[in-house]
Number of protein chains: 2
Amino acid sequence: MKVYLDCLPCFLRQALEAARRVTADERAQRAVLDAVALVLPTLPLDATPIDLGREVHRVVRDTLGVDDPYREAKRRDNDRVVALLPALRERVQAASDPLLAAVRLAAAGNAIDLAVSSDVDLERTIERGLEDGGGMADYPVLRARLACADDVLYLGDNAGEIVFDRLLIERLVALGARVTFAVRGRPILNDATKDDAAYVGMDEVAEVISSGSDGPGTTLGACRPDFLDAFRGASLILSKGQGNFEGLSDERAPLFFLLMVKCPVVARELEAPIGTVLLRAPRS
Amino acid sequence: MKVYLDCLPCFLRQALEAARRVTADERAQRAVLDAVALVLPTLPLDATPIDLGREVHRVVRDTLGVDDPYREAKRRDNDRVVALLPALRERVQAASDPLLAAVRLAAAGNAIDLAVSSDVDLERTIERGLEDGGGMADYPVLRARLACADDVLYLGDNAGEIVFDRLLIERLVALGARVTFAVRGRPILNDATKDDAAYVGMDEVAEVISSGSDGPGTTLGACRPDFLDAFRGASLILSKGQGNFEGLSDERAPLFFLLMVKCPVVARELEAPIGTVLLRAPRS
């Protein structure tokens, strides 16, 4: 999808949020806001929000002189969800349709998105995930496609959230699929990297690869050749989160988007209200 | 209160919202965003949000070449609430404490604040106003002070909202008070001016004066001498809305603030959750 003008104020809000993670010095926080404000008029609108988010967060890092403002937040979120993993696994196994329960939880886990909110109620996230919120109408399509797809490319999104992804991947593996789990090429926002994937034991259930993307989502122009080979060759791709949707929504590929709708422009693009725990099958 | 850094992204959001009211041309909207983005780094932080809002909306108007982006929205909101006035008046009269009901409705009417949201559900606003949401603990203080205050200075806030104010002023007059209703000195955001006050018949129940303020709230430094005389001489001031609170919260005066808490920084200042329909008596 193309960037909306609404994204520009949101980038400024994200910059402040990132600065506050690194320093309590209001002058330093202001310097980050000012640097981003001066960059906003230079950003092209014929790009995706991911392309522009990459630039904005580069300015944030350069102004702060910090490589990863979200390091501690990511560790904390990984720890929080890992602690819940055994109980979550039991709930999935006890569900009447364990795959559907795992799909729902993985989408709900996308609530852990520090681009949108720094305050996520995990208990509520899990309960909302297990409720029937009307966003799973495409689940039978996924189920049918999985039956004839041996290889699944799974595009991860955020730290913490990837523990919910692990739970879904365990179900996919139990159904006989071989899963490749792709992460960002460098730390950006709270997006998961190889370090995060290793931390939650993702390599026990999937092959973990880097997309090479240094934006807060996947845009093919920013990806590594080996990832592009995996993307082009995949018979089924599960794309997690708003960021990957923003970067890939215009691609022609066997893409299932799995996310929680959290911002007004993504809600408009997907024609689904904010808060929807959503699976969207390929429209072609 | 002093401006928070959080206000800067919010100013950019307001600028986009104002631009969209005037033009559907995305390049013109972008020009407004760019102009405001370039001004943000020049704004001093030792000012109130109202002082900075004044500058931001001046840039918005200058870039659009339009004197009042909110003219139609204000007319529509005045009309919407005027149509409800007879029914609202009946509900107030039927309440066990009509003054309290009118105070609550006036605070709830502050939901009509286009600085925060362009989409206000009036029915819900009214029902929320009449519920006991816990924000009226200071009502006995107001009631006691009204008993010994003949003259009330009432600081209006937004168009549409002023119809709820009229309802409260009718109760104050019935209790024997003489009310002066102050409006902004020029159109800014959807704030009420003399035109709006005349449109809803405010002059039938109060003397209407201009504060002279050209910001989206009252800051004494921007006000006319005759308003300052009224302010300094008042034995009781009812200040409506977030904007007047932002501009006056540090003044020593017999100020009762009556508003709906709608943004995180005002919520922090007032130590009350977003959504609270609040009356706050002078703390001194």
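Values in this text are rule-based calculations from the coordinates and carry no lab data. All figures in this text were calculated on a predicted structure; none of them were measured in a lab. Ideal geometry is used to build each Cβ from the backbone, glycine not excepted, and the neighbour counts take in all protein chains shown.
Rank A:Ser249, A:Ser96, A:Ser118 by mean-square fluctuation in a GNM of chain A with C-alpha springs under 10 angstrom and give only the top-ranked residue.
Greatest mean-square fluctuation among the candidates belongs to A:Ser96.
Need one number: nm distance between label points at A:Ala198 and B:Asp62, each 7 Å from Cα along Cα→Cβ, rounded to one decimal.
My value for the distance between the label points is 5.4 nm.
Computed FRET efficiency, Cβ-Cβ of A:Glu207 and A:Glu127, R0 41 Å: what is it to the nearest 0.05?
The formula returns an efficiency of 0.80 here.
Specify the residue with the greatest mean-square fluctuation among B:Ala94, B:Ala197, B:Ala108, computed from a Gaussian network of chain B linking alpha-carbon atoms under 10 Å apart.
B:Ala94
Dividing the Cα radius of gyration by the Kirkwood radius, what Rg/Rh value follows for chain A?
With Rh from the inverse mean 1/r over Cα pairs, Rg/Rh is 0.95.
With each run of n ≥ 4 DSSP H residues scored as -39500 (n - 2.57), what mean residue ellipticity at 222 nm is computed for chain B after dividing by its residue count and rounding to the nearest 500 deg cm²/dmol?
It comes out at -15500 deg cm²/dmol, rounded to the nearest 500.
Pop a pseudo-label 7 angstrom from the Cα along the beta-carbon direction at both B:Asp150 and A:Glu90 and give the gap in nm to one decimal.
Going from the B:Asp150 label point to the A:Glu90 one covers 7.4 nm.
Loop only per DSSP, at most 13 neighbouring Cβ atoms within 10 Å: give me the chymotrypsin sites (Phe, Trp or Tyr not before Pro) in region B:137-240, ordered by residue number.
Filter output for region B:137-240: empty list.
Can you tally the net charge around B:Asn158? Count Lys and Arg as +1, Asp and Glu as -1, for every other residue whose Cβ sits under 9 Å from the Cβ of B:Asn158.
-4
Enumerate by residue number the GluC sites (Glu not before Pro) in region A:88-180 meeting two conditions: DSSP loop (anything except H, G, I, E, B), and at most 15 other Cβ atoms within 10 Å of the site's Cβ.
A:Glu131
A 24 angstrom limit on the alpha carbon distance is what I want to check against. Which of B:Lys74/B:Lys262; A:Lys2/B:Lys262; B:Lys2/B:Lys194; A:Lys2/B:Lys74; A:Lys2/A:Lys194 exceed it?
Beyond 24 Å between Cα atoms: A:Lys2/B:Lys262; B:Lys2/B:Lys194; A:Lys2/B:Lys74; A:Lys2/A:Lys194.
Which trypsin sites (Lys or Arg not before Pro) in region A:182-284 pass both tests, a DSSP loop state and at most 13 other beta-carbon atoms within 10 Å?
Within region A:182-284, the qualifying trypsin sites (Lys or Arg not before Pro) (loop, at most 13 other Cβ atoms within 10 Å) are A:Arg252, A:Arg283.
To the nearest 20 Debye, how big is the dipole of chain A about its Cα centre, given +1 on the beta carbon of each Lys and Arg and -1 on that of each Asp and Glu?
The dipole of chain A has a size of about 120 debye.
Using every Cα-Cα pair within the protein assembly as shown, state what percent have a distance larger than 47 Å.
23
Go ahead and set up a Gaussian network model of chain A, Cα springs under 10 Å, then flag whichever of A:Gly176, A:Gly243, A:Gly129 fluctuates most.
So, out of A:Gly176, A:Gly243, A:Gly129, the one fluctuating most is A:Gly176.
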